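Please treat every number below as a calculation from the coordinates, not as lab data. Predicted, not measured: the structure shown is a model, and the values here were computed from it. When we count neighbours, we look across all protein chains shown, and the Cβ atoms used for this are built from the backbone with ideal geometry, even at glycine.
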Amino acid sequence: MTRIIGGLVGSRKLASPAKSTRPTSDRIRESIFGSLESRNALDKAAVLDLYAGTGALGLEALSRGASLALLVENNKQAAAVCIKNARLIQDALEDEDHLVAAKVQIQPVQKFLDANTYAFNLVFIDPPYEITNAEVEQNLESLLESLAKDALVLVERSARAEPISHDGYELLETKNFGDTAVYWLKKN
């Protein structure tokens with residue numbers, strides 16, 4: 001069961017699609033968001049959640065103080081779940097007098113990045129493990145012009161895959177969680 005872990009609407013359950021997605025575990029999300037809160041990276045942030053799946057990463061950010069979460073998902077079944085979850089969390093936050101925007105974009109990630117003109121403070125890239133590092137690095141290249149000053153980019157990959165690297169980014173740290181590695185990047 002996927003849920004929002006903390007913030008204003010913590011413990012709220014999220015819908016999950018069939019086995020077509022690999023949601024980030026609660027343990028990993030708790031670690032990520034604890035670190036983001038300690039860096040004060042969520043307050044009024046514009047968040048981009050690429051390969052969104054259930055939308056849990058972007059929606060967790062909204063619950064913890066972000067003002068915008070844009071969820072990009074190409075799989076139609078997963079995108080329908082993102083829409084349902086975005087409405088649920090946006091409505092719950094409005095009930096708490098916390099106005100936010102949760103939006104879902106249904107299209108391939110690279111196509112979205114090639115056309116995007118908005119600047120984001122925080123980006124999650126959590127593709128299916130079968131997406132190659134070359135594709136992720138292409139995403140990172142296209143993302144460079146869409147990052148606000150001091151933006152953070154978190155990339156979740158299999159710990160068995162080759163490490164992510166790109167000349168346009170500084171690797172701040174890598175956190176390993178069993179089979180999963182999370183790369184913390186910042187634009188050079």
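Quick look at the numbers
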| read-out | value |
| --- | --- |
| Loop GluC sites (Glu not before Pro), the stretch 126-159, which have at most 12 other Cβ atoms in a 10 Å radius of their Cβ (DSSP) | Glu130 |
| Potential extension, Ser38-Glu170 segment - 0.36 nm per residue separation minus Cα distance | 45.6 nm |
| Restraint check, Lys13/Lys149; Lys76/Lys186; Lys111/Lys149; Lys111/Lys175, Cα-Cα greater than 27 Å | Lys13/Lys149; Lys76/Lys186; Lys111/Lys175 |
| Listed candidates [x] 0.92; [y] 1.16; [z] 0.95 - label of the one calculated as Rg/Rh (Cα atoms, Kirkwood Rh) | [x] |
| Mean separation of Cα contacts under 8 Å (6+ apart) over length of the chain, as relative contact order % | 17 |
| For Lys186, Lys149, order by how many other beta-carbon atoms lie within 10 Å, fewest first | Lys149, Lys186 |
| Estimated inter-spin distance, Phe177 and Arg160, nm [label 7 Å along Cα→Cβ] | 1.9 |
| Given charges at beta-carbon only (K, R positive; D, E negative), |dipole| of the chain in Debye | 460 |
| Cβ-based charge dipole, the stretch 2-187, positive-most Cα from Phe177, Ala79, Pro128 | Ala79 |
| Angle between the chain longest axis and helix 76-95 axis [Cα atoms, degrees, rounded to 10] | 50 |
| Per DSSP, loop trypsin sites (Lys or Arg not before Pro) in the stretch 38-125 with at most 10 further Cβ within 10 Å | Lys44 |
| Residue-averaged 222 nm ellipticity for the chain, from DSSP H runs of 4+ at -39500 (n - 2.57), nearest 500 | -9500 deg cm²/dmol |
